[in-house]
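Below is one structure, written out as structure tokens; comments come after it.
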Amino acid sequence: MKSVNESENDIDSKLKNKPDKEEFCVFVQNLPFTVSKQGVFETFKRYGPCKMVKLVRVQSTGQHRGSAFVHYYSEMGVKNALNAAASMASPSD
């Protein structure tokens, strides 16, 4: 059995070896089921350089669920995408 100090040291060691990179990601919903990864990428790259797009799929069938994760290289891409979404959702005057 490990002592409490040994367990804390193991955790500290794992945290120190963890990469420093932050993830900059936006979760997108209500996409057409016909959308492609490339289509989502092309749409969202206007808000900043996209790193990748992951479509959410049903594991057993592989069918797209109408949502995706859009990963950006920087926080600015995320902020721009969220600001654009907020302005689209705002009621017009």
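Quick note: the coordinates plus some simple rules give every number you see, no bench work behind them. Computed from a predicted structure; not experimentally measured.
Couple of notes before you dig in:
- Taking amide H as placed 1.01 Å from N in the peptide plane, L31 has its amide H under 5 Å from the amide H of S67, each at least 5 places away in sequence or on another chain.
- Residues whose amide H falls under 5 Å from that of F24, counting only those 5 or more places apart or on a different chain, are Y72, with hydrogens built in the peptide plane.
- Residue-wise HN-Hα couplings along the range 32-44, as the Karplus relation 6.51 cos²θ - 1.76 cosθ + 1.60 with θ = phi - 60° gives them from phi, are x, 5, 8, 5, 9, 4, 5, x, 5, 4, 4, 5, 8 Hz; Gly and Pro carry x.
- Three-way shape call for the range 47-93 based on the alpha-carbon gyration tensor, with the a/c threshold at 1.5: oblate
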